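Asks: Have a look at the structure that comes next, please.
The values are calculated or read from the model by the stated rules, or taken from the named source; none is laboratory data. Predicted model only: the values in this text are computed from it and were never measured. A quick note on method: Cβ atoms are made from the backbone with ideal geometry, for glycine too, and the neighbour counts reach across all protein chains shown. Heads up: the accessible areas ignore ligands, DNA and RNA and are worked out on the full protein's heavy atoms, side chains in. Shrake-Rupley method; radii C 1.70, N 1.55, O 1.52, S 1.80 Å.
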Amino acid sequence: MNFTQAELSGYLQVFWQFSWPQWLIFSLIVNIFLYLFSIGLYIFIEKTCRKSQLQEKNHPITRSDFYLSLLTIGCNSFVMLLGAFLWKKGWIVPGQTESVIGIIAEVAVLLLLMDFLMYLFHFAAHLPLVYKVLHGKHHEHISTNFLSLFVLHPLETIGFGLMMLVILIGYDFSVISISIYLLLNLIWGTIGHLNREFFPASFDRFFVGTTRFHNQHHLDESKNFGFYTSIWDRLFRTYK
């Protein structure tokens, strides 16, 4: 890759020198940008995709959902601040991977590890008491809209973030691999909450967690707990 380790170290040194107020502002700016990017991507696909809707109507936009989505931005910013804290304390150490093959391998590992952990977390969120307290609000969106991805209980949002931080503590992934994974995570989450199938039907054979796959979960809450793939649902017999 053209982006050398020396250049990367230079950028990291800039972030290392950030004060905590600067980190707070930076994390809010980044997460607001990602929030707006997700909404823009959703609307763009909805306007340009010619496939028929999965459900007759999109879920209506409500004021409470909008406010909750803003709270999700705050929770994601908190997780980012916690990650910066762990980095400064030496708990998270950026890896040195530079090769394209190495970065692809790291991204693939992150996708599979997080997919498995999110399957378990998501399955646990559907236990009766947890569902009532935490996850039920998200499932008010039987159909979806451009805010659905961000309509989560704060503890869910932080829980997802903590899983990611635990993995980063356990292995020194490169900053490039982490950044690519996080971007894919946002894009996948946005596409997964569309009301139109984005992927070709053949992708089901490749164990991909397609839009229809996740839409089916909103219709039948006992099935399809995976996120990026359908591997774990097929393995644990929760696939539909």
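Asks: Mind grabbing the base-10 log of I(q)/I(0) for the chain at q = 0.10 Å⁻¹? Debye formula, identical points on the C-alpha positions, no solvent, two decimal places.
Replies: These q points yield log10 I(q)/I(0) values of -0.50.
Asks: Moving on to the next point. Under a Cβ-Cβ cut-off of 13 Å, what is the net charge of the residues other than H217 that fall near it, where Lys and Arg count +1 and Asp and Glu count -1?
Replies: Local net charge: 0.
Asks: Okay, next question. Determine how large the accessible area of L127 is when every protein chain is in place; take a 1.4 Å probe and give Å² rounded to the nearest 10.
Replies: 90
Asks: What does the extension gain come out to for E221 and F66, with contour length at 0.36 nm per residue minus their alpha carbon separation?
Replies: Between E221 and F66, full extension yields 53.5 nm more.
Asks: Considering only the other residues whose Cβ falls under 9 Å of the Cβ of T97, what net charge follows from Lys and Arg at +1 and Asp and Glu at -1?
Replies: With Lys, Arg at +1 and Asp, Glu at -1, the net is -3.
Asks: Sticking with this one: By the scheme Lys and Arg +1, Asp and Glu -1, what is the net charge of all other residues having a beta-carbon under 13 Å from that of V208?
Replies: Spelling it out: positives minus negatives among the neighbours equals -1.
Asks: Can you list which of the GluC sites (Glu not before Pro) found in segment 46-133 are DSSP loop residues with at most 12 other C-beta atoms within 10 Å?
Replies: Here the GluC sites (Glu not before Pro) that fit, given the DSSP loop and packing criteria, are E56.
Asks: Moving on. Dividing the alpha-carbon radius of gyration of segment 47-105 by 2.2 N^0.38 Å (N being the number of residues), what value is obtained?
Replies: Scaled against compact globular proteins, the figure is 1.92.
Asks: Before I look further, what does the chain give for accessible area per residue, probe 1.4 Å, in whole square angstrom?
Replies: Computed with neighbouring chains in place, this is 54 Å² per residue.
Asks: Okay, next question. Run the numbers for R205 and V14: contour at 0.36 nm per residue of separation, minus the present Cα-Cα distance, in nm.
Replies: Here the segment from R205 to V14 would lengthen by 64.3 nm.
Asks: Here's something else I'd like to know. Which cross-chain or sequence-distant (5 or more) residues have an amide H under 5 Å from the amide H of T229, H modelled 1.01 Å from N in plane?
Replies: Excluding prolines and chain starts, which carry no amide H, the hits are G209.
Asks: Could you give the size of the charge dipole of the chain about its Cα centre, using +1 on the Cβ of each K and R and -1 on the Cβ of each D and E, expressed in debye and rounded to the nearest 20?
Replies: Approximately 460 debye in magnitude.
Asks: Using a probe of 1.4 angstrom, how much of the accessible area of the chain is carbon and sulfur, in percent?
Replies: Of the solvent-accessible surface of the chain, carbon and sulfur hold 71 percent.
Asks: Kindly express, to the nearest 10 degrees and within the range 0 to 90, the angle between helix 175-192's C-alpha long axis and the longest C-alpha principal axis of the chain.
Replies: 10
Asks: Still on this model: Can you work out the Karplus-derived ³J(HN,Hα) for every residue in segment 104-114? Use 6.51 cos²θ - 1.76 cosθ + 1.60 with θ = phi - 60°, whole Hz, and x for glycine or proline.
Replies: Karplus-based 3J(HN,Hα) across segment 104-114 equals 4, 5, 5, 5, 4, 5, 4, 4, 5, 5, 5 Hz.
Asks: Can I ask one more? Filter the cross-link list K51/K137; K57/K223; K47/K137; K132/K240 down to pairs whose alpha-carbon distance in this structure exceeds 25 Å.
Replies: Too far apart for the 25 Å limit: K51/K137; K47/K137.
Asks: Moving on. Starting from the residue with the highest accessible area, list K240, K88 in decreasing order, probe 1.4 Å.
Replies: My answer, sorted largest first, is K240, K88.
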